[in-house]
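Before we start, here is the structure in question, set down as structure tokens.
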Amino acid sequence: MTTAPTTSADSAPHDGGLFTVPNLITLARFVCIPLFVWLLFSRDDRGNAALLLGLLGSTDWIDGYVARRFDQGSTIGKVIDPAVDRVLLATAIVCLFIDGSVPRWVFWVVLVREVVVSVGTLGLAAAGARRVDVQWVGKAGTFGLMVALPCFLAGASTWASKDWFRAAGWIWLVPSLVLSYYAAATYVPIGRAALAEGRAARTG
């Protein structure tokens, strides 16, 4: 008995569109960002703000797991998930800088990297490059930062364990910054290849 050859349509990944469980999880994380800002500045509640920020950062993997496990991946999900990560990280570092929970140099090192990556991504898209998927090392660096920043915030709270949290913040911060900048460097050749492929597709 012969097996019919697999066509490209059969092997193409399923696109679940906008209304999928992973995308709803991503949007829920985005909606909670203003709540974090409110807790930190309006309520002056560093402890609960740190808990919420830690929850938002540590649950980043859930949407991706659900998408893979239940075949609910989507093109728009691959766009909004890293975009929400960028907004969450940028909001967190700016708020912690204003609050005084992180040193100035940490703020600038994180912010410069985020600005460079964001501008590069937008520039590639404007130039017609194909979409570049987020690399694992970049996700790992972002995850580490989203663990370190809540630790710094908890370290500036009134909690009895604040010194332990601040120490944990430094332990997570240094390797996460290294991974983040390494990921940014790896995007240079990837971006060039994506731009070449995008231009070739338009002229082909």
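The values are calculated or read from the model by the stated rules, or taken from the named source; none is laboratory data. This is a predicted model, so every value here is computed, not measured. Here the Cβ is made from the backbone with ideal geometry for all residues, glycine too, and neighbour counts use every protein chain on show. Surface areas here come from the heavy atoms of the whole protein model, side chains and all, with no ligands, DNA or RNA. Shrake-Rupley method; radii C 1.70, N 1.55, O 1.52, S 1.80 Å.
Just the number please: accessible area per residue for the range 74-119, 1.4 Å probe, all protein chains included, in Å².
Solvent-accessible surface per residue comes out at 44 Å².
Follow-up question, since we're still on this one. Based on the inverse mean of 1/r over its pairs of different Cα atoms, what is the Kirkwood hydrodynamic radius of the range 36-104, in Å?
It works out to 13.4 Å.
Also, I was wondering about something else. With the full set of protein chains in place, find how many percent of the accessible area of the chain is carbon and sulfur; take the probe as 1.4 Å.
68 percent
Now for a different question. Once whole DSSP H runs in the chain are found, which of them have Cα atoms spread over 30 Å or more along the helix axis and a mean Kyte-Doolittle score of at least 1.0?
Helices meeting the criterion: 75-99, 104-126.
Still on this structure: Can you tell me the dipole magnitude for the chain around its Cα centre, using point charges on the Cβ only (Lys, Arg +1; Asp, Glu -1), in Debye to the nearest 20?
About 380 debye.
Using helices alone, what [θ] at 222 nm do you get for the chain, with -39,500 (n - 2.57) per DSSP H run of 4 or more residues, divided over all residues and rounded to the nearest 500?
Mean residue ellipticity at 222 nm (helix-derived): -25000 deg cm²/dmol.
May I ask you to give the solvent-accessible area per residue for the range 135-204, in square angstrom, as obtained with a 1.4 angstrom probe?
Value for the range 135-204: 55 Å² per residue.
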